[in-house]
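Have a look at the structure below before the remarks.
Just so it is clear, none of the values below were taken in a lab; they were calculated from the coordinates. Remember, it's a predicted structure, so these values are computed and weren't measured experimentally. We place every Cβ from the backbone using ideal geometry, glycine too, and count neighbours over all the protein chains shown.
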Amino acid sequence: MENHSKKSFFTNMRRDSGELRLLISGLFTVISLSFLWAGYKLMKVGALGDWKIVSSFKGWTLYLTSISPGLLVVILGAVIIIWGLPRVIKSL
């Protein structure tokens, strides 16, 4: 009789396997949705922040000031989903 050892789910994945793509896409989506949820909760609570970002580079000046922390986190979550998720899926 042949001895076939059973491999676990994580050790049996190849780079081109569908399970790995599903796992990475799922983790990426969970992280993105947690950013959106955290931003929503910050906006609901009414968290306020007073801060400034001033940066200059080769004659260009970037000046951001006093955006709601919740709105910033929601924007980051949306950018992760819209810009990052297709790149992650495409690179697999």
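Using Cβ contacts closer than 10 Å as the measure, can you line up Arg87, Arg21 from fewest to most? Don't skip to the answer; put the middle values down first.
On the way: Arg87 10, Arg21 15.
Starting with the residue having the fewest Cβ neighbours, the order is Arg87, Arg21.
Mind checking the full-extension length gain between Tyr63 and Ala38? Use 0.36 nm per residue of separation minus the Cα-Cα distance, one decimal, nm. Provide the component values of the computation, followed by the final result.
Numbers: separation 25, 0.36 × 25 = 9.00 nm, distance 2.50 nm.
Answer, rounded to one decimal: 6.5 nm.
Stretched out straight at 0.36 nm per residue, the stretch from Thr29 to Ala47 would grow longer than its current Cα-Cα span by 4.0 nm.
Here Tyr40, Tyr63 are placed in order of increasing Cβ neighbour count within 10 Å, fewest first, which gives Tyr63, Tyr40.
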